[in-house]
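The values are calculated or read from the model by the stated rules, or taken from the named source; none is laboratory data. In this text the structure is predicted, and so the values were computed from the model without any measurement. Quick reminder, even Gly has a Cβ in these numbers, built from the backbone with ideal geometry, and neighbours come from all protein chains shown.
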Amino acid sequence: MTIHQLSIFLENKCGKLSKVLDILSEAHIGIIAAAVADTSEYGILRMIVSDPDKAFALLKENNVTVSKTEVLGIVTDGCAGSFARALENFTKAGISIEYMYCFSVNGKSILILRTNKSVEAYEVIRKYRLDYISSSDLEHLMTC
Amino acid sequence: MTYWQEELETMNRADLEKLQLHRLKETLERANHSTFYTKVFQEHAIIPETIRSLDDLKKIPFTTKEDLRNHYPFGLAAVPLQKCVRLHSSSGTTGNPTVILHSAKDIDEWANQVARCLYMVGLRDTDIFQNTSGYGMFTGGLGFQYGAEKLGALTVPAAAGNTKRQIKFIKDFGTTCLHIIPSYATHLAEVMYESGIDPRKDTHLHTICIGAEPHSEEQRLRIEELLGAKAYNCFGMSEMNGPGVAFECKEQNGLHIWEDYVIVEIIDPITLEPVPDGQVGELVLTTINREAMPLLRYRTRDLTHLIPGDCPCGRTHKRIARLKGRSDDMIILKGVNIFPIQIETILMKFKELGSNYLITIENDEMQVEVELSDLFTDDYSQLQRLSKEVTRQLKDELLLTPKVKLVGRGSLPIQEGKAVRVKDLRKFS
């Protein structure tokens, strides 16, 4: 029930991001969502891509510092308050959000979440029947 | 059979010193045929009778790299060039290169020296020895080549670089022993793992000879773990032929320096006086088994100390400790003496860090850039903790606070030759 996310260590140097993007573009790998956390020296680029296994292997081969992380994808309808309601359940269960970002596809807003307690987070999703998507669902969405 | 030359390797000290004195006297006579030493001997009133005991060696002045450069190319030749069969030369990036000449006997003796070292770490004629040193002028190539051939091993003169091909040879030929520069050894192992090869299971490697650049015990352990083989430290320098001057035995506690080939002194590089056994100083060597170009009391610029006591392996030749770096490599920053090896020792403790690093000195500040290893995770706070902890440990060791910068893999130049670890951008005027 998770989404495979790629996390990439990027130095704050001209061309570092381009290199990563070029590798993906040449291999015809699409970027579905991306977010950068930056510090004064480096950034961590987090991405959901169309073929994470292939992208991971290719980036490694090209000497990019990359790791795979499992994140949650919560689907909301994009109406006012929908994010708040989704997150409320995690807060009640004492789960913290380490980072989040979102993207829209086919009129739905998808919330990418990384929590400090993944097992408990799955429980919350099940218990409150939150709408979620996994990596395999993403492939369907992309072909629409 | 434990020894390549049991009688010489285990000779009692009194006999060994007698042999040294005999060979020293011969060396002095030979040296007197070179234009350089003829002049030195005249200026210092040295005649054959000056040397009555090994202690009298102190009456001879030191020879330095500058002397070799100033008498480039053949000023130290003690035999006619007709008797020489090879020369090796340094790169000469700063001024004239240094040239070392070898007679046919010298080449043979050198090969014997290297064979003795390889035999000591367990190599036999059944082994397959792959040499990743550059051939040509760099002595690590031909030096090991002739030594391994003398031993009778099957040699693979792969030469430097081309990592993919090195790995193919190791697998296809069943290489059991590698001679490799330590920084390149970790790189090679990393590439193997990335290509899905586990050197511990998928190769026959059992012995690694590492040398040519200073490295820490941590780096040795990492190489042993990565490659699943024993790693032995070797020391050599082109002025002393090349590889084979000193080598670790299976005890892995100090390098036996072959005293039937050289006389060892350790001096204080400032006062030039001998230091007590066990204290760090500059290694000074006198060749006593070389025809074409003897060197007397040559200042190597390498810092080390003698390890007191007998070695359990039974060899009586003195042991020097792993090199502390070259007296030239020392960085003086804000009045503190720093050796790159100190920094490396700390960095190697962290599994999250790779083996490639670069020290930059600019405006009296030190920056240490180090590549992350494969253990990079998505966790930002962990990265912050890592760089803080590395900074703290470096500060404890160096007594000044460097700026630690984590960089991605492949950001720093790949070290396929002798690693360049320090960039000093300060302007001295």
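A quick yes/no check of all residues on (1) over 21 Å from B:Glu217 (Cα atoms); (2) surrounded by fewer than 17 Cβ atoms within 10 Å (Cβ to Cβ):
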site: B:Val264; (1), (2): yes, no
site: B:Met293; (1), (2): yes, no
site: B:Arg297; (1), (2): yes, no
site: B:His305; (1), (2): no, no
site: B:Ile320; (1), (2): no, no
site: B:Ile332; (1), (2): yes, yes
site: B:Lys349; (1), (2): no, yes
site: B:Leu358; (1), (2): no, no
Does B:Ser34 qualify as being among the small types (Gly, Ala, Ser), touching a helix residue (DSSP H, G or I) at 6+ places or on another chain (Cβ under 8 Å) and within 30 Å of B:Phe138 (Cα to Cα)?
no
Condition check for B:Ala292: modelled with pLDDT of 90 or more, in the same structural domain as B:Thr10 (by TED's automatic domain parsing), more than 20 Å from B:Val121 (Cβ to Cβ) and of a type in the set (Gly, Ala, Ser):
yes
Taking the criterion of being under 30 Å from B:Val407 (Cα atoms), within 14 Å of chain B (Cβ to nearest Cβ) and either touching a residue at least 24 places away in the same chain (Cβ under 8 Å) or of a type in the set (A, V, I, L, M) (or both), would at least one residue in the range A:82-96 satisfy it?
no
With part of a strand (DSSP E or B) and either aromatic (Phe, Trp, Tyr) or crowded, with 18+ Cβ neighbours inside 10 Å (or both) as the only criterion, which of B:Gln145, B:Gln130 stands out?
B:Gln130
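Yes or no, residue by residue, for (1) closer than 30 Å to B:Tyr119 by Cα; (2) out of contact with any strand residue (DSSP E or B) (no Cβ under 7 Å at 6 or more places or on another chain); (3) buried (at least 18 other Cβ atoms within 10 Å of the Cβ); (4) not charged (D, E, K, R):
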| residue | (1), (2), (3), (4) |
| --- | --- |
| B:Pro308 | yes, yes, no, yes |
| B:Pro312 | yes, yes, no, yes |
| B:Lys324 | yes, no, yes, no |
| B:Phe339 | no, yes, yes, yes |
| B:Gln342 | no, yes, no, yes |
| B:Glu362 | no, yes, no, no |
| B:Met366 | no, no, yes, yes |
Considering every residue within the range A:2-9, establish whether at least one is within 14 Å of chain B (Cβ to nearest Cβ) and surrounded by fewer than 19 Cβ atoms within 10 Å (Cβ to Cβ).
yes
Scan the range A:10-33 residue by residue and report those that are within 14 Å of chain B (Cβ to nearest Cβ) and part of a strand (DSSP E or B).
A:Leu10, A:Glu11
Taking the range A:52-70 only, how many residues are crowded, with 16+ Cβ neighbours inside 10 Å and in contact with a helix residue (DSSP H, G or I) (Cβ under 9 Å, 6 or more places away or on another chain)?
8
Yes or no: A:Ile74 more than 11 Å from chain B (Cβ to nearest Cβ), over 12 Å from the mean Cα position of the chain (by Cα) and surrounded by 15 or more Cβ atoms within 10 Å (Cβ to Cβ)?
no
Tell me which residues, restricted to the range B:267-286, are touching a Pro at 6+ places or on another chain (Cβ under 9 Å) and on the phi > 0 side of the Ramachandran plot.
B:Gly278
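Conditions tested, residue by residue: (1) under 13 Å from B:Ile60 (Cα atoms); (2) outside any helix (DSSP H, G or I); (3) touching a helix residue (DSSP H, G or I) at 6+ places or on another chain (Cβ under 8 Å).
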{"residue": "B:Glu7", "(1), (2), (3)": "no, no, no"}
{"residue": "B:Leu16", "(1), (2), (3)": "no, no, no"}
{"residue": "B:Leu21", "(1), (2), (3)": "no, no, yes"}
{"residue": "B:Thr27", "(1), (2), (3)": "yes, no, no"}
{"residue": "B:Arg30", "(1), (2), (3)": "no, no, no"}
{"residue": "B:Lys39", "(1), (2), (3)": "yes, no, no"}
{"residue": "B:Gln42", "(1), (2), (3)": "yes, no, no"}
Those residues that are more than 8 Å from every other protein chain (Cβ to nearest Cβ) and assigned to a strand (DSSP E or B), I need them from the range A:48-69; list them, please.
A:Ile48, A:Val49, A:Lys68
Determine whether B:Ile341 is more than 20 Å from the chain's Cα centre (by Cα), modelled with pLDDT under 85 and either assigned by TED's automatic domain parsing to the domain that holds B:Leu24 or closer than 30 Å to B:Val370 by Cβ (or both).
no
B:Thr391: within 14 Å of chain A (Cβ to nearest Cβ) and at pLDDT below 90, yes or no?
no
Any idea which of (1) out of contact with any strand residue (DSSP E or B) (no Cβ under 6 Å at 6 or more places or on another chain); (2) more than 14 Å from every other protein chain (Cβ to nearest Cβ); (3) of a type in the set (Val, Ile, Thr) is the one A:Thr39 doesn't satisfy?
(2)
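Any residue at all in the range B:412-428 that is at pLDDT 85 or above and over 17 Å from B:Asp364 (Cβ atoms)?
Among the residues of the range B:412-428, at least one is at pLDDT 85 or above and over 17 Å from B:Asp364 (Cβ atoms), which makes the answer yes.
Take the conditions at pLDDT 95 or above, acidic (Asp, Glu), assigned by TED's automatic domain parsing to the domain that holds B:Ile100 and over 30 Å from A:Glu61 (Cα atoms) and apply them to B:Asp260. Does it pass? Full working, then the answer.
On the way: at pLDDT 95 or above: yes; acidic (Asp, Glu): yes; assigned by TED's automatic domain parsing to the domain that holds B:Ile100: yes; over 30 Å from A:Glu61 (Cα atoms): yes.
Yes; evaluated as a whole, the condition is true for this residue.
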Note on the range B:189-220: residues part of a helix (DSSP H, G or I) and either free of Cβ contacts under 8 Å to residues at least 40 places away in the same chain or within 14 Å of chain A (Cβ to nearest Cβ) (or both) are B:Ala189, B:Glu190, B:Val191, B:Met192, B:Tyr193, B:Glu194, B:Pro199, B:Arg200, B:Lys201, B:Asp202, B:Arg220
Across the range B:368-388, which residue is farthest from A:Leu10 (Cα to Cα) among those that are within 11 Å of chain A (Cβ to nearest Cβ) and assigned to a strand (DSSP E or B)?
B:Glu369
Taking the range B:221-263, which residues are over 27 Å from B:Asp15 (Cβ atoms), in a loop (DSSP other than H, G, I, E, B) and in contact (Cβ under 8 Å) with a residue 60 or more places away in the chain?
B:Met237, B:Gly242
Can you report the number of residues in the range B:123-152 which are over 20 Å from B:Leu205 (Cα atoms) and of a type in the set (A, V, I, L, M, F, W, C)?
3
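Go through the residues of the range A:15-27 one by one and say whether even a single one is under 18 Å from A:Asp137 (Cβ atoms), of a type in the set (A, V, I, L, M), outside the structural domain of A:Ile125 (by TED's automatic domain parsing) and touching a residue at least 12 places away in the same chain (Cβ under 8 Å).
Residues of the range A:15-27 that are under 18 Å from A:Asp137 (Cβ atoms), as a first pass: none.
No, there is no match, as no residue in the range A:15-27 is under 18 Å from A:Asp137 (Cβ atoms), of a type in the set (A, V, I, L, M), outside the structural domain of A:Ile125 (by TED's automatic domain parsing) and touching a residue at least 12 places away in the same chain (Cβ under 8 Å).
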